[in-house]
Structures are given as structure tokens and as C-alpha cells.
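Readers should treat all values here as calculations from the given coordinates under stated rules, not as data from a laboratory. The structure presented is a predicted model; accordingly, all values stated were derived computationally and were not measured. With ideal geometry, Cβ positions are generated from the backbone for all residues, glycine too; neighbour counts draw on all protein chains shown.
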Amino acid sequence: MAGLIIREAHFPGRAPVDAYGDGGFRFADMSHRGSILCLPSGIYGWQPTDPLALQAADFERLFAEAGDVEILLVGMGKELRRLPEGLRTALKAVRISADPMSTGAAVRTYNVLLAEDRAVAAAFIAVD
């Protein structure tokens, strides 16, 4: 009998976000507690919780898929905050246009761009 295997949270596809709040998100008839990263390869659980502490290392998975992404929406929590300078520089180097906004605005914008089949990715920091 095999032991329990714990895998990284991952949904293998693109899906609109149906709801957010209470510290998580709902999408594709599933829910996830915590922040998420939505990429062309799927939706992943994501560790960051503090928008002011974001750094390029938090986006390694995005950088690996940079050729398939033109726009990155960053849900910065309850309020709009500026992306840290080092992160903006790293995104510019791989030709990804980053647009920080509140998580709610980012979710709504992501759903519209996804429906338009745009080359969009999103990083959503969970809100209560």
C-alpha cells in the first residue's frame, strides 16, 4: 500500500475565476485557499501574501512561459499598490506588460481578457 502523495496545487488549464474572497478563489468547480498564479499552462497555488514583498523569484513559473504571455495582471490585495522596481525591471526584460490593481479588479479584468482569448496571465494575492 502506497503512502499519501501530496502534490503542488495545480489545475491543468485556463479557466475564469468565479469568485474570490474569504482568503481564496473559486474556479473550474474547485476552490483554492490562498493566492493563485494563472498561466497558459494552468492555475497554480502561489505563496506570496504581501504585495510589497513581491520579487522576480516569485514569478519563475511565469518567466518560463514568457513567450506565451503579453499581459500580466497582478491582484495586489485590497488596494492598488505599485509593483516593486526589481520586479518591473525583470518583467520588462521578457517583454511582459504588468498591470497591478486590486485583486477584485484584476479578477474581473482577467476574466474579460481570457474570454477574448488574449495572451494574459495573472497573479492574484488572496483577500479576506
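Taking neighbour counts of Cβ atoms within 10 Å as a proxy for exposure, in what order, fewest first, do His32, His10 appear?
Numbers: His32 22, His10 13.
By the 10 Å Cβ count, ascending, the order reads His10, His32.
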Separation of the His10 and Arg118 label points, Cα + 7 Å toward Cβ, nm = 2.7 nm
Could you give the semi-axes, largest first, of the ellipsoid that matches the chain, computed as the square roots of 5 times the alpha carbon gyration tensor eigenvalues and rounded to whole Å?
-> 22, 17, 16
Could you size up the charge dipole of the chain around its Cα centre, putting +1 on the beta carbon of Lys and Arg and -1 on that of Asp and Glu, and report it in debye to the nearest 20?
-> 140 debye
